[in-house]
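Some notes on the structure that comes next.
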Amino acid sequence: MNRVYIKTYGCQMNERDSEAVAAMLRGKGYSIVDNEQEADVVLLNTCSVRDQAEQKAIGKAGHLAKRKRKDPNFIIGVMGCMAQNRGSELLDRLPDLDLIIGTQKFHRVPDHLSNLIATMQGQGPRPHSIVDLEEEADSQNTIKSHTSDTLQVTAFVSIMQGCNMKCSYCIVPKTRGAERARPMGEIITEIKELAANGTREVTLLGQIVNQYGIREFPFVDQKSPFVQLLEKVHEIEGIDRIRFTSPHPVGFKDDLIECYGRLPKLVEYLHFPMQSGSNRILKAMRRPYSIEKFREIIGKLRTVRPDMYISTDIIVGFPGETEADFELTRRHFEEIGFDMAYLFKYSVRPDTTAEPLGDPVTKEQKEERNQILLDILAKQSLARNETLIGTVEHVLFEGPAKKGDNMFLGRTPGNRVVLVKASRRLIGQIVPVRFNRATASTLFGELVLEGVEAEPKQSVSTTV
Ligand code: SAH
Ligand code: SF4
Ligand code: F3S
């Protein structure tokens, strides 16, 4: 009864939460397996941001329930945002679920699981499903450092929980609760431990990451708590690259922009969600900025770091989005020249302020608008990658590629995916690579041997 498989849907925060649950379970003697067939317990860490994300997890749980009917000791749990959003109503649809655990209760998973197993082994009637969705004061402080038995070259670090914004389309404030910051000291301790275990890159996570600690901690020398945190992370030896996601134009002030000029470990890559290029739609979305303000921030960033790579999130088909509104999105999307983007078709979410607006933009219109942006993105991304052919950049190798003998995957500081023929010992190393071929999504290249050009922007930690 001790083999657990965790399947994660949704965002990086969910990935980080799944890692934390895995670490806690390992600590209690469970083994974490990488496929559901081998597992005695399957935990689905779910997402509610769009209906499709929920349907995927519900479909999976339904499929697992068939196995449970043959094997009553098999345990199925649903955790995370959909558990929080739908709660015990999930049991009406999926009566075989054993565990439903909300977003502030991840740390309770090991206890709930062992109680469940103990009851099952006690020959009695089938134990009741456990539903634990309460809010928990200070649950942000239950996020602790977690060491893993495999090398994590790049690691997610949640620096806060929840969200206080009220974007009209978004379910996250409901599923994740109010914004709460973790203490700075604990975050630093966690990152130092990661560095000691070989982690070279961290991604700081928060729903509005640049608002970190804005209510809890003071500004110092006109620097926001987030900038203070970045400075502290920057001092940690062994960490060579710092990323964060997702920032919001609100609070993206000069103190943060300046960091790009003075903190070399802060990569020249920013994920900066725009959502729409139409001020009218931004207002209806309750995004408190104009497209002009959004572009002004990007302009300032590019002055400080001209080589900046920028990605974004866009929602097409928000209720009331006309052809003219979409044309504004298209134009700004093209003019800004995003290097990467996540494009979403609007999905009505329960209990959001946009819910009463319904879903008037047709599926076909959404599909068409989505495709127009995808085509622009493919062109822009390819053009950017092609400018890199013949140049050399420092690539952090993360692991073997999915396909190809001796092919390994790494990333440039600008977050471009690189595939290179290499050897295992490069995993976790930052080495110069010369690019010789590019597609829209990937750069191909070869290792640059010692002594050959390459002006390192970062310290090169090994030679090959
Ligand atoms: N906190 C982040 C976003 C987290 S959700 C931010 O504000 O930038 C990730 C993305 O999902 C959002 O940026 C948005 O583009 C998309 N999204 C959220 N709700 C959605 C909905 N109801 N329909 C379609 N896309 C949605
Ligand atoms: Fe959702 Fe808006 Fe909060 Fe992002 S900032 S999580 S889009 S409510
Ligand atoms: Fe989804 Fe929850 Fe993340 S709704 S996007 S998993 S915060």
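Quick notes on this one:
- In summary, Gly299 fulfils each of the numbered conditions (1) more than 16 Å from ligand 1 (Cβ to nearest atom); (2) buried (at least 16 other Cβ atoms within 10 Å of the Cβ); (3) under 30 Å from Phe326 (Cβ atoms) with the single exception of condition (2).
Matching residues to (1) over 17 Å from Gly162 (Cα atoms); (2) without any contact (Cβ under 8 Å) to a residue 12 or more places away in the chain; (3) of a type in the set (A, V, I, L, M, F, W, C):
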{"site": "Gly198", "(1), (2), (3)": "yes, no, no"}
{"site": "Leu205", "(1), (2), (3)": "no, no, yes"}
{"site": "Ile208", "(1), (2), (3)": "no, no, yes"}
{"site": "Ser224", "(1), (2), (3)": "yes, no, no"}
{"site": "Val227", "(1), (2), (3)": "yes, no, yes"}
{"site": "Asp240", "(1), (2), (3)": "yes, no, no"}
{"site": "Pro249", "(1), (2), (3)": "yes, no, no"}
{"site": "Phe252", "(1), (2), (3)": "yes, no, yes"}
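- Taking (1) in a helix (DSSP H, G or I); (2) closer than 13 Å to Val131 by Cβ; (3) open to solvent by less than 50 Å² (accessible area, probe 1.4 Å) in turn, Leu97 satisfies each apart from (1).
- Residue list for the range 168-204, filter: touching a helix residue (DSSP H, G or I) at 6+ places or on another chain (Cβ under 8 Å) and either aromatic (Phe, Trp, Tyr) or near ligand 1 (Cβ under 10 Å from one of its atoms) (or both): Ser168, Ile171, Val172, Arg176
- Any chance Tyr169 is farther than 21 Å from Ala23 by Cβ, out of contact with any Gly (no Cβ under 7 Å at 6 or more places or on another chain) and within 16 Å of ligand 3 (Cβ to nearest atom): yes
- Residue match in the range 257-266 (condition: surrounded by 16 or more Cβ atoms within 10 Å (Cβ to Cβ) and either in contact with a Cys (Cβ under 6 Å, 6 or more places away or on another chain) or farther than 30 Å from Ala196 by Cα (or both)): yes
- Helices (runs of 4 or more DSSP H) lying entirely in the range 1-89 (those with 3 or more residues that are under 21 Å from Thr175 (Cβ atoms) and open to solvent by 50 Å² or more (accessible area, probe 1.4 Å)): 12-27, 51-70
- Criterion violated by Asp313 - all others in (1) crowded, with 20+ Cβ neighbours inside 10 Å; (2) within 16 Å of ligand 3 (Cβ to nearest atom); (3) closer than 22 Å to Lys253 by Cβ satisfied: (1)
- A count restricted to the range 172-217 and to residues that are under 20 Å from His271 (Cβ atoms), within 14 Å of ligand 3 (Cβ to nearest atom) and hydrophobic (A, V, I, L, M, F, W, C) stands at 4.
- In the range 151-186, the qualifying residues are those that are within 12 Å of Gln140 (Cα to Cα) and among the basic types (Lys, Arg), and the one that is surrounded by the fewest Cβ atoms within 10 Å (Cβ to Cβ) is Arg180.
The values are calculated or read from the model by the stated rules, or taken from the named source; none is laboratory data. Since the structure is predicted, the reported quantities are computational estimates derived from the model, not experimental observations. Because the Cβ atoms are built from the backbone with ideal geometry, glycine has one as well, and the counts that use them run over all protein chains shown. For the accessible areas, the whole protein counts, side chains as well, though only heavy atoms, and no ligand, DNA or RNA atoms are used. Shrake-Rupley method; radii C 1.70, N 1.55, O 1.52, S 1.80 Å.
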